[in-house]
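Contents: one structure, followed by commentary.
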Amino acid sequence: MSTLDSSADVVIVGGGPAGRALATRCIARQLTVVVVDPHPHRVWTPTYSAWADELPSWLPDEVIASRIERPSVWTSGQKTLDRIYCVLNTPLLQSFLSDTSTKVRGLRAQTLSTTTVVCVDGSQLTGSVVVDARGTDLAVTTAQQTAFGMIVDRALADPILGGSEAWFMDWRTDNGTSDADTPSFLYAVPLDDERVLLEETCLVGRPALGLRELETRLRTRLHNRGCEVPDDAPIERVRFAVEGPKDSSPDAVLRFGGRGGLMHPGTGYSVASSLAEADTVAKAIADGEDPNAALWPRSAKAVSALRRVGLNALLTLDSGEVTTFFDKFFDLPVEAQRSYLSDRRDAAATAKVMATLFRSSPWHVRKTLMRAPFFR
């Protein structure tokens, strides 16, 4: 037997935010945990954000780098959202979730079963529960989100923010596009008191816009607003699938995080839901209950199905229709927005929001929505 062979209550494959969050909450319930990751010391570099009301109470305030009290969107005009938005401090988040009680194996998993992980070097790890938290896989057939961003000094970003605290979505076409082009929007958020992330984002595409195209659009947009970014400005590149694996056999390994369907397919957000649901799964494991059933009650499955409908609707809309769609969405009361963006267990509220959006949309948008495939 290899000296790296080991056993624990929970074996988690994947050491990103979702896997580490679950490990942290399992340890808080006195469970032993092994995390399997081929790059266990890799530094997390993405910008992670969330609505403040999505974050769990066990996450310390120090992990929040920036709080935007009232972010703005631009659709047909500027709208201000009465909901606090947070940018997380990625290094502090990684440090907080790297509990020293967690055993970490720097190995690449080859095969997983519900109780066993076999690694490429032949090492075998066993647990009462095995969790697959390796994130989503990029493939030609999966819908993806892409983005290209640059980090600039706060003063340099002032012409871009234009008096707003942040742009959650800015759909103006001063990025050099027309209604005939695949749409993209500006995401502009303060990372802290001194720095702002300016990012051109393709919300979702099958295929999504390439990073070079997004860089061109961003530079065009910033130039048109009087912002010339220094050549040495830090850059952020984003590409990930917004869909996880589709097979969900009842005998399959428990999946968690983006790989487990916790990513909102219409927004690409998954970190907050992974943080929030880590306790749900950890409690079920500690209590000897079915963690998959706790994570996926019937209502959550229904919301997931409705969100897939919403994803396919977004993929069907053209550039002008996307702007109209979000114009109607951000006209909704903030509680309705929260229901669709954040609540994964209230199917009735999600369906109500979708029905309201359909009824309030112009006829040409409704015709496009009716052509969208329900499932894919």
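The values are calculated or read from the model by the stated rules, or taken from the named source; none is laboratory data. None of these values were measured; they are calculated from a predicted model. Virtual Cβ from ideal backbone geometry, glycine too; neighbours counted across all protein chains shown. These accessible areas exclude ligands, DNA and RNA; they are computed on the full protein's heavy atoms, side chains included. Shrake-Rupley method; radii C 1.70, N 1.55, O 1.52, S 1.80 Å.
How large is ³J(HN,Hα), in whole Hz, for each residue of segment 155-168 in order, when computed from phi with the Karplus curve 6.51 cos²θ - 1.76 cosθ + 1.60 and θ = phi - 60°, using x for Gly and Pro?
5, 5, 7, 3, x, 7, 5, x, x, 7, 5, 6, 9, 6
Round to the nearest 10 and give me the degree value, 0 to 90, for the angle of helix 347-360's Cα axis relative to the longest principal axis of the chain.
That works out to roughly 20 degrees.
Which ³J(HN,Hα) values in Hz, rounded to whole numbers, follow from the phi angles of segment 54-67 under the Karplus curve 6.51 cos²θ - 1.76 cosθ + 1.60, where θ = phi - 60° and Gly and Pro get x?
Those phi angles translate into 8, 6, x, 5, 6, 7, x, 4, 4, 6, 7, 8, 8, 10 Hz.
Using 1/(1 + (r/R0)^6) with R0 = 41 angstrom and r between the beta carbons of R371 and D121, what's the FRET efficiency to the nearest 0.05?
According to the calculation, E is roughly 0.25.
How large is Rg over Rh for segment 126-224, taking Rg from the Cα atoms and Rh as the Kirkwood inverse mean of 1/r across Cα pairs?
A ratio of 1.11.
Roughly speaking, what is the stretch gain from H223 to R345, that is 0.36 nm per residue apart minus the C-alpha to C-alpha distance, in nm to one decimal?
Full extension of this stretch gives 39.6 nm more.
Can you list the lysines whose alpha carbon sits under 20 Å from that of K352, skipping same-chain ones fewer than 8 residues off?
Output for K352: K301, K328, K367.
To the nearest 500 deg cm²/dmol, what mean residue ellipticity at 222 nm is calculated for the chain from DSSP H runs of n ≥ 4 alone, each contributing -39,500 (n - 2.57), summed and divided by the residues?
-10000 deg cm²/dmol
Give me the extension gain from V140 to D181: residue separation times 0.36 nm, minus the current Cα-Cα distance, reported in nm with one decimal.
So the extension gain works out to 12.7 nm.
To the nearest 10 degrees, how steep is helix 271-286 against the longest Cα principal axis of the chain, on a 0 to 90 scale?
Once rounded, the angle reads 20 degrees.
Quick one: Karplus J couplings for segment 82-87, per residue in order, coefficients 6.51, -1.76, 1.60, θ = phi - 60°, nearest Hz, x for Gly and Pro?
8, 8, 6, 10, 10, 9
Report, by chain and number, residues whose modeled amide H sits under 5 Å from the one on R105, excluding near sequence neighbours (fewer than 5 apart, same chain).
V35, V36, D37
When the solvent-accessible surface of protein heavy atoms is calculated with a 1.4 angstrom probe, in what order do W167, W74 fall, highest first?
The ranking, largest first, comes out as W74, W167.
Taking amide hydrogens as modeled 1.01 Å from N in the peptide plane, which residues meet the under 5 Å criterion relative to F240, leaving out close sequence neighbours?
Residues meeting the amide H criterion: Q145.
Using a simple spin-label model with points 7 Å from Cα along the Cα→Cβ vector, what separation in nm is obtained for H364 and H39?
A separation of 4.5 nm, rounded to one decimal place.
Could you please state how large a percent of the accessible area of the chain is carbon and sulfur, counting protein chains only and using a 1.4 Å probe?
That share works out to 50 percent.
With a 1.4 Å probe and every protein chain left in place, work out the accessible area per residue of segment 253-376 in Å², rounded to a whole number.
I get 42 Å² per residue for this part.
From the list (1) 30; (2) 23; (3) 19, can you say which value of percent of Cα pairs over 36 Å apart was derived from the structure given?
(2)
Taking H placed 1.01 Å from N in the peptide plane, check which residues at least 5 places from T32 or on another chain put their amide H under 5 Å from its amide H.
Amide H neighbours of T32: D9, V10.
Where does each of 231-238, 289-296, 12-19 land if you order them by average Cβ count within 10 Å, highest first?
Peptide ranking by packing, descending: 12-19, 289-296, 231-238.
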